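Here is the structure we will look at.
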C-alpha cells in the first residue's frame, strides 16, 4: 500500500496579541456585559434614591496660640507654646468624649427622632415574620441617653486643622440640615466654655491650696522670728552691725601694736639691765645705757673737769695750797656725784625693765581678752545669722505666697478665652451625599469592569477549542476543514447533507476536506481513511458519511462502520441497521455481496457493523480483518472507516496503523484541548498518521463576530445562495 504524503500547503495559524484576545473575549459577550452593567446601574439608582440626603455645615474657630495674661504673673497652671503638638492637642480635645457628651446634653439630641435611642427601628423582615414587640425601657436618664447617642454623634463630627494657620474647622453631617448647623456652633461654644470652666476650677483649686499654705507659712514665720528674738535676749545681743564689729577689730589692732612697742621697750630695758647686772666690780663705764645717760655724762664731765683742775693746781701750787685743797674737795664731790648718778641710772634701768615687763604682760592680757571676746562674738554671730536667714527665708516665702494667692484670686474673675469663633455654621441648602450621578456612573463603570473581567476570565479558564487558530496552536496539527453548526432542519438529515443541500456551507466544508485529502496524496491509488474523535457526539459519523459521499463522486468509495460497540452510520445514511455487516464478514457468516449496501442513488457503498460482537478487539485485531482491508482496498480506491471515540475505547489505536491516514474530529467549544492533544499523541505513538483535524459544530456567525474568521465563507455562501 502506498503511503501518501502529509497534507501540505496549509498556512500556519497567526499568533494574536493578548490585547486582541481580551477584546475578542469582551466583544463575544458584549450584550451580556452591557446588560449586567445596566442592572448594576439600576440597582445603584434604586439604592441611591432610597438614601436620605445628608447635609454638612462647618464652624471655623481661631485657636489662640498664646493667651494674653490679665495679671502680671504666670498662671498657676502650666501654659503651652504655639506649636504643632499644641494645635493637634486642641483638635483631639474637640473630638473628646466629654465635650461631645456636654454638647449632646445641651442640644438634647434625644429629642431628635434620628438620634433617639428609645425608638427601636424594626428590621425589614419583621413585616414578613411574626416577631415579638421589643420591651420599652423606661429607665433612661440623660447620662444614658447621651452615652447611647455618642457613637453616632462622634462618627458625624469632623475636625480639620487648616494648614499653616491657627484655624480649626468643626464640621457635622446630618440628615437634618438645621441640626447640621446647630451642632458645630454649639460644639465650638462648649469647647470655649469648657476650657474657661476648667481653668477657673484650676485657679480656684490653686487659690484654695495657696490659702491653706499661707496659714502654715505664717505660723512657721512667727516661730522663726520668736526664736531669733529669744536668742538675742539670751545672749545680750543688741546689734551686730558692721560698725560694732569694726570697733572691736580696731581695738585689737591698737592693742596688738602697743604690745609690739611694749615688747621692744621691754627688750631694750632687759638688755640694759642685763648689761648692768653683768658688771661685777661696780665699773659701769662699759655699759652704754649708763654712759649715755645725760646726768651720768654731766657728772662724769664735772669729775673730769675737777681732775683737770686738780692736776693744774698741783703743778702750780702744790698739795698744800688752799686752792689745791679746795680743788681736791671739789674732785671728791664730783666723784661722789658721779657715782651717785651711776647708781641712780643703774637703779632706774632695773625699774624700767620691770615696768616694761609689766606693761607687756598687761597688754598681752588685754589682747587675749579682746580676742576671746571677738571669738565669742563670732560664734554668736554665726548662730544669729542662721536664725536671721531662716526668719528671712520664711518671710520671703510667706510674702511670695501671699502675693500669688492675691493674684490667683484676681485671675479667677478674669480668664482669657482659648479660642474665638471666626465663622458660624449656616444652614446648608445642598446635600453633600449621596452624590447620585457620581455613584450611578461609578456603579456602571464597576459593572462594566466586573463583567468584562469575568468575560476575560471565562475565556482564560476555557480549555476548549474555539476556532481554527486554536487547532494548530493547541493541538499542533493542521486544520483540514471547519464544519458549521447545523440547524434543526439540517440536523434531521445530516448524514446525506452533501446530497440534499450541495450548495450549503456545510457541503462546501465537506468539499474542502475532500480536496485536502485528495491533494495530500495525488498519485496514491489506494487510500484508507480512519475517522475518529476523542468523545461521542463530536460529529464524527456525520462527517465520515458526508466525506465518503463527496469522495464517491470522483472515486470508487466504500465506507465501513468500525464502531462495533455503538454503531450509527447505517441510520445516518438511511440504511438497514439489521443487515449483515463487518462482524459477520470477518466471522465468515456472510459474503461481501450480502454486507454491501448502496447509499441511495450515489456511488457510495457501505458496510455496517452487522451483529454487535461480544469483543470488538478480537475482530479488529484478527488476521482476517487486516486481509479484508487489503481485499477491499484492491476493489475500491477509497476506504473510509468510521471508528469509535478514542477516549472511551482503544479500538482506534488498532485501526490507525492499518490505515494510510487518520482524520481526527473535535467539536468546537466542547472538547477540552488537553484531551484532544493526548489522543492525537496516542494515535501517533500507535503508528497512525494524522492527516489533519476537522473542527465540527462551529458557529460561523459567532466566529466571524468574535474572532474575525470565516467572513469570506459567509459572504461566499450568500453570494451563491448557500445556507
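Determine whether the stretch 444-453 contains at least one residue that is assigned by the TED database to the domain that holds residue 23, under 30 Å from residue 537 (Cβ atoms) and surrounded by fewer than 18 Cβ atoms within 10 Å (Cβ to Cβ). Give the derivation first.
Of all residues in the stretch 444-453, those assigned by the TED database to the domain that holds residue 23 come to 444-453.
Of the ones still in play, those that are also under 30 Å from residue 537 (Cβ atoms) are none.
No: the stretch 444-453 contains no residue that is assigned by the TED database to the domain that holds residue 23, under 30 Å from residue 537 (Cβ atoms) and surrounded by fewer than 18 Cβ atoms within 10 Å (Cβ to Cβ).
Take residues that are farther than 21 Å from residue 644 by Cα and at pLDDT 85 or above and tell me which of the helices (runs of 4 or more DSSP H) falling wholly in the stretch 446-541 contain 2 or more.
Numbers: elements: 488-492, 497-500, 505-520.
It comes to 497-500, 505-520.
Just wondering, is there one or more residues in the stretch 503-522 that are within 17 Å of residue 698 (Cβ to Cβ) and within 60 Å of the chain's Cα centre (by Cα)? Lay out the reasoning, then the answer.
In the first step, residues of the stretch 503-522 are kept if they are within 17 Å of residue 698 (Cβ to Cβ); the result is 504-513, 516.
Right, trim to within 60 Å of the chain's Cα centre (by Cα) and you get none.
Scanning the stretch 503-522 turns up no residue that is within 17 Å of residue 698 (Cβ to Cβ) and within 60 Å of the chain's Cα centre (by Cα).
Please go through (1) modelled with pLDDT under 75; (2) out of contact with any helix residue (DSSP H, G or I) (no Cβ under 7 Å at 6 or more places or on another chain); (3) assigned to a helix (DSSP H, G or I) for residue 368 and return the number of the only condition it doesn't satisfy.
(1)
Go through the stretch 1-42 and report how many residues are modelled with pLDDT of 75 or more and either part of a loop (DSSP other than H, G, I, E, B) or loosely packed, with under 11 Cβ neighbours inside 10 Å (or both).
Selection size over the stretch 1-42: 4.
Quick check on residue 611: is it at negative phi and either surrounded by 17 or more Cβ atoms within 10 Å (Cβ to Cβ) or not assigned by the TED database to the domain that holds residue 510 (or both)? It would help to see each step written out before you state the result.
Numbers: at negative phi: yes; either surrounded by 17 or more Cβ atoms within 10 Å (Cβ to Cβ) or not assigned by the TED database to the domain that holds residue 510 (or both): no.
So residue 611 fails the test.
Mind listing just one residue for me: the one in the stretch 119-152 that is assigned to a loop (DSSP other than H, G, I, E, B) and under 40 Å from the mean Cα position of the chain (by Cα) and, of those, modelled with the lowest pLDDT? First the steps, then the outcome.
First pass over the stretch 119-152, keeping only residues assigned to a loop (DSSP other than H, G, I, E, B): 119-123, 128-141.
Still in the list and also under 40 Å from the mean Cα position of the chain (by Cα): 120-121, 123.
Values: 120: 71, 121: 62, 123: 56.
Looking at the filtered set, the residue picked out is 123.
Just one of (1) over 30 Å from residue 160 (Cβ atoms); (2) modelled with pLDDT of 85 or more trips up residue 62, so point out which.
(1)
Here are some conditions: (1) at pLDDT 85 or above; (2) touching a helix residue (DSSP H, G or I) at 6+ places or on another chain (Cβ under 8 Å); (3) within 14 Å of residue 465 (Cβ to Cβ). Residue 661 meets all but one. Which one does it not meet?
Failed condition: (3).
Modelled with pLDDT under 90, assigned by the TED database to the domain that holds residue 538 and under 22 Å from residue 527 (Cβ atoms): is that true of residue 566 in this structure? Explain how you work it out, then say what you get.
Values: modelled with pLDDT under 90: yes; assigned by the TED database to the domain that holds residue 538: yes; under 22 Å from residue 527 (Cβ atoms): no.
Criteria not met by residue 566.
Among all residue pairs at least 6 apart or on different chains, which show Cβ distances below 6 Å where the first residue, located in the stretch 187-207, is over 29 Å from residue 58 (Cα atoms) and the second is part of a helix (DSSP H, G or I)?
203/408; 203/411; 203/412; 204/412; 206/408; 207/408; 207/409
The values are calculated or read from the model by the stated rules, or taken from the named source; none is laboratory data. For clarity, every value in this text was computed on a predicted model and none was experimentally measured. Heads up, the Cβs are rebuilt from the backbone with ideal geometry, glycines too, and the neighbour counts pull from every protein chain shown.
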